[in-house]
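Each value in this text was obtained by applying a stated rule to the coordinates, not by laboratory testing. All values derive from a computational prediction rather than experimental measurement. Positions of Cβ are generated from backbone atoms using ideal geometry, with glycine treated the same way; all protein chains shown enter the neighbour counts.
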Amino acid sequence: MGALTGRTALVTGGSRGIGRAISERLARDGARVAVHYGRDERAAAETVAAITAAGGSAFTVRARLGVPGDAEELWAAYDEQADGVDVLVNNAGTDGARKPIGETTPEEFDDVFALNTKAPFFITKLGLERMRDGGRVVNVSTGLSRRAGMTELIAYAMTKGALDVFTMTLAKEVGARGITVNAVAPGVIDTDMNAGWLRGEENKAAWEAMADLSPFRRIGEPRDIADVVGFLASPEGRWVTGQWIDATGGSLL
């Protein structure tokens, strides 16, 4: 039996990249996993199929996040297929318009905050009404909230900084129920979202530069993050809460 056997998890943005790796990791640990997606139904179905083929249990949940009523839509879809939740992973997010402050419009600013900050806040609010005591909340942050990075990611980094404050503050409120709340902060990860500037021969210099940031001299992989989340979601993570976990592969050293 796995560490999460008999428990149910919801992973937002759980069908691709880091989210898929988290979904698969929690399923391997025995959880029944709700794989959330916004638009890519095929990717979500493929993730569920992969989990099922490996002997796990999963189902898809569709809801567009970053729009009014998103949290209610998400949990309504979830409630049709599950009763209560034990692990909530707020992973869905966007890096936004990727513009420096002088070029960022109010609409672009609002859009990135709506998905990266407001959605996790209200998804968690409603999720806590369904979460059993001893549950886990894990928020996916970024190393950029602790170290200045590319100036075109200023709004994105701000959204994650707010998420970090949410993490440590909420941990104090829900601790009496045995619920832990933590943030995991990746560095550069080889995902489809980063493929445009990271993968391919034309981006070899960028790949090497990012790899050199880590003492391990490599780019992070989705499973590197998923394994950290797996620990925090497990019974062994019971004494860790309110923390920002540096999962940048040492890039901030």
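When the chain is treated as a GNM with alpha-carbon contacts under 10 Å, the residue of 29, 110, 95 showing the greatest mean-square fluctuation is 110. Cα centroid separation, the stretch 131-190 to the stretch 74-106: 13 Å. Tell me which lysines have Cα within less than 22 Å of residue 160's Cα, excluding those fewer than 8 residues away on the same chain? Filter leaves 99, 118, 125, 172. Distances between placed amide hydrogens fall under 5 Å for residue 60 paired with 35, all partners being 5 or more residues away or on another chain. Mean projected area of the Cα convex hull of the stretch 21-61, taken over all directions, amounts to 2.4 nm². Determine the dipole magnitude for the stretch 8-246: charges of +1 sit on the beta-carbon of Lys and Arg, -1 on that of Asp and Glu, nothing else is charged, the reference point is the Cα centre, and the result goes in debye to the nearest 20. Around 500 debye, computed over the stretch 8-246. Of the residues 13, 102, 135, the one that moves most in a GNM of the chain with alpha-carbon contacts below 10 Å is 102.
I want to verify a result. In a Gaussian network model of the chain, Cα cutoff 10 Å, which of these has the top mean-square fluctuation: 88, 213, 232? Largest GNM mean-square fluctuation: 213. Close amide H contacts of residue 85 (hydrogens built in the peptide plane, cut-off under 5 Å, sequence separation of 5 or more or a different chain): 131, 132. Look at 123, 219 and count the other Cβ atoms within 10 Å of each Cβ; fewest to most, that gives 219, 123.
Taking amide H as placed 1.01 Å from N in the peptide plane, residue 139 has its amide H under 5 Å from the amide H of 90, 182, 183, 184, each at least 5 places away in sequence or on another chain. Computed from backbone phi with θ = phi - 60° and the Karplus coefficients 6.51, -1.76 and 1.60, the 3J(HN,Hα) list for the stretch 21-36 is 4, 5, 4, 5, 5, 5, 5, 4, 7, x, 6, 8, 10, 8, 8, 7 Hz; x is used for glycine and proline.
When 64, 25 are sorted by how many other C-beta atoms sit within 10 angstrom of their C-beta, beginning with the fewest, the order is 64, 25. With contacts taken as Cα pairs under 8 Å and at least 6 residues apart, the stretch 8-246 reaches a relative contact order of 20 percent.
When the Cα positions of 248, 4, 150 are compared along the charge dipole of the chain, 4 comes out farthest toward the positive end, with charges on each C-beta of Lys, Arg, Asp and Glu. Computed from backbone phi, the HN-Hα couplings of the stretch 77-94 come to 5, 5, 4, 5, 10, 8, 10, x, 9, 10, 10, 10, 10, 8, 10, 4, x, 9 Hz, rounded to whole numbers (Karplus: 6.51 cos²θ - 1.76 cosθ + 1.60, θ = phi - 60°; Gly and Pro given as x). Taking the Cα centre of the stretch 118-253 as reference, the dipole from Cβ charges on Lys and Arg (+1) and Asp and Glu (-1) amounts to some 560 debye. Among 158, 131, the order by Cβ neighbours within 10 angstrom, fewest to most, reads 158, 131. Evaluated at q = 0.09, 0.12, 0.20 Å⁻¹, a Debye calculation over the C-alpha positions of the stretch 17-160 (equal weights, vacuum) places log10 I(q)/I(0) at -0.30, -0.53, -1.24. Note on residue 206/residue 103: beta-carbon distance plugged into 1/(1 + (r/R0)^6) with R0 of 25 Å gives a FRET efficiency of 0.70.
The HN-Hα couplings worked out from phi for the stretch 140-145 by the Karplus form 6.51 cos²θ - 1.76 cosθ + 1.60 (θ = phi - 60°) are 8, 9, 7, x, 5, 7 Hz, whole numbers, x standing for Gly and Pro.
Taking Cβ atoms as reference points and 11 Å as the exclusive limit, the residues near residue 31 contribute a net charge of +2, counting Lys and Arg as +1 and Asp and Glu as -1.
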